[in-house]
Amino acid sequence: MTTYWWKNAIIYQIYPKSFKDTNADGIGDIQGIIDSLPYIKSLGVNTLWLNPIFISPQIDNGYDVSNYYAIDELFGSLADVEQLIAEAHALDLKIIFDLVLNHTSNQHPWFQEALKGPDNMYRDYYLWTDAPSDGTLPNNWASFFGGSVWEKDATSNQFYFHLFAKEMPDLNWKNPEVQKAMVDMAKFWLSKGIDGFRLDAFIHMIKADFALNVTGVPIGEIAIAEEYYANLPEVKVYLEAFIQELREVKPDIFIVGEAASATPDLALDYIGENLCSTVISFDHIKDREISGNSLIPSGLGDKTLHVPDFKERMSDWQSQLIQGVQPTLYWNNHDMPRLVSRFGDEKNYRTASCQSLAVAMYLLRGIPVILYGEEIGMKNVKIDTIEAFQDPMAKQYYQQLVTNGFTNEDSLRMIASINKEASRGGMQWDDTTYAGFSTVPCWSGVNVEKDYNVAAESENENSVLAFYQELLRLKKDDIFQLGETEFIDTEDTLIAYKRILLDEEAIVVCHVATEPTDVPLWLRELDNTYQVVFGTFNHHKDDIMQPYDYLVLSK
Ligand code: BGC
């Protein structure tokens, strides 16, 4: 029988471009990851997920792949990757790669061939449609990266489909050649010793009939068309065929599907023996604005966790993904701002908010996915100029904020608060000029902070780092791996739940707000059979929980 090592996975997500630069080009590399393996191991994680490192024109930081079989020289070579896999495995660390299935780069040889015309044998690797005779677009579907999903190829008078940037044409998964090519490529990496994959944006592999239009959209305008390009029933058919072939080669591979819009029901559809091991959904990521300042455009004000919504969503995930199915647990990733800047209080309670939020999330049942730097409390990277933002909306917001009287610095901070680029700052190894990330400036910027870096925190037993190490040790206890979860109905500013395993029980209580609150009665009245495992207040002696206090009890 296959044993699934990944049921107890604790994932550390590395954005290779921003992790550690060893060749002084301002971009992180594979050797930097190799050098850092002892550090990564010391955290208590057991699996690394690397964002894409294949050859790419870097229009979307590697999610636009032009050669799936080779490593981009920005990062190193195939020999470096082989060394990384060997050294990681020697430390008992598994590695999963990020596999971009939905699209390639427009520089991929398949697309370059496809551009040669409708008769080219690679034409059907992509999605094409004739240009309407009245000069309009084929339909009103919008791309996730702005503009239409359609780009005209002047030579053939046809349009090709791109859900993301126009330099990232979508593959035609109904073409058996495409299916085979992607299976072969994935098998190549398995043969190199990779332990699994994160499947990027797989829920978009299949599209509806291009004749359909989003209803209620004025003529000539476009709109996001999830119903036509996300989670179509056939996605599962192609996904299953793909994964089945890989599992035949290596039955215990870990497949983490990125299913951004999945609810628990949908997630369960994508998880199974010949399907994903688990999925990453955005469903539980719930914040709310706390500014109320009419001079700040909606969405840009300071944010905090929307606790009731978070609890409701998490309670659904915990109660529906059961019987050996493990949800993923995460607060941030490379596509969203950082945990402490978004959900915590980076100004007044930085360490405490990192800690309380981490307890609340990672002691739930499931597989933690920790974004590099989260374990040292890294905040959003400070981006110094508006030109540095790639997002076209950023410039519009900037104009508005400056016109409304905000300083350059405040405007940039507010824009970063909703921007994925904010999470991609260089890893803070120490407090030297470039934070030990490199000897030259980091491509994405890097914060240099005296107290928040690996070197300083390794020396401080009260640091976020020391805390994550302790928390991940605790996470390995059976009760936190296997126990059932029951959310406790309590105050809105508290996240509280029980974990239950046979006759064992643990209680986790996290205060996730900036004002003190009363210790709730149910907690004060717990009998003495509950022992304190760790925490920041005494539920029998203290009346008040301070901002971001937390407590873990067990009996
Ligand atoms: C990745 C993004 C990327 C997109 C297109 C996503 O879901 O996480 O960073 O831009 O897929 O590949």
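Bear in mind that the values in this text are calculations on the coordinates, not laboratory data. In this text, all values refer to a predicted model and were calculated from it rather than measured experimentally. Note that we place each Cβ from the backbone using ideal geometry, even for glycine, and neighbour counts take in every protein chain shown.
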In whole µm²/s, the translational diffusion coefficient that Stokes-Einstein assigns to the chain, given a Kirkwood hydrodynamic radius over C-alpha pairs, 4 °C and 1.567 mPa s, equals 52
Could you work out the local net charge near residue 116, counting Lys and Arg as +1, Asp and Glu as -1, over the other residues with Cβ closer than 15 Å to its Cβ? -3
Could you please rank 108, 540, 103, placing first whichever residue has the fewest other Cβ atoms within 10 Å of its Cβ? 540, 108, 103
Proxy reagent accessibility, fewest Cβ within 10 Å first, across 359, 519: 519, 359
With angles folded into 0 to 90 degrees, how steeply does helix 307-320 sit against the dominant principal axis of the chain? Use alpha carbons for both and round to 10. 70
Label-point separation, residue 486 to residue 420 (7 Å along Cα→Cβ), nm: 4.0
Do any of 41/207; 250/379; 236/303; 7/311 go past 32 Å between their Cα atoms, and which? 41/207; 250/379; 236/303
So the angle from the long Cα axis of helix 234-249 to the longest Cα principal axis of the chain, reported in degrees to the nearest 10, equals 80
Taking Lys and Arg as +1 and Asp and Glu as -1, residues besides residue 484 with C-beta under 9 Å from its C-beta add up to +2
Pull up all non-local amide H partners of residue 519: gap of 5 or more, or a different chain, and H-to-H distance under 5 Å with H placed in the peptide plane. 544, 545
Distance in Å, no decimals, from the C-alpha centre of the stretch 127-150 to the one of the stretch 199-260 is 18
Long-range lysine pairs (8 or more apart or interchain), the stretch 437-555, Cα under 18 Å: 5
Within a Cβ distance under 9 Å of residue 55, other residues only, what is the Lys/Arg minus Asp/Glu net charge? -2
Hey, which aspartates and glutamates would be in cross-link range of residue 395, C-alpha to C-alpha under 18 Å, not counting anything within fewer than 8 residues on its own chain? 384, 387, 409, 410, 421
The chain - mean residue ellipticity at 222 nm from DSSP helices (-39,500 (n - 2.57) per run, n ≥ 4, rounded to 500): -8000 deg cm²/dmol
Taking Cα atoms, the helix 464-475 axis meets the longest principal axis of the chain at an angle in degrees (rounded to 10) of 90
Run down the lysines and flag those whose C-alpha is under 16 Å from the C-alpha of residue 116, throwing out any fewer than 8 positions away in its chain. 152
Need one number: % antiparallel among DSSP beta bridges in the chain, to the nearest 5. 60
How far is the Cα center of the stretch 56-115 from the Cα center of the stretch 316-340, in Å? 25
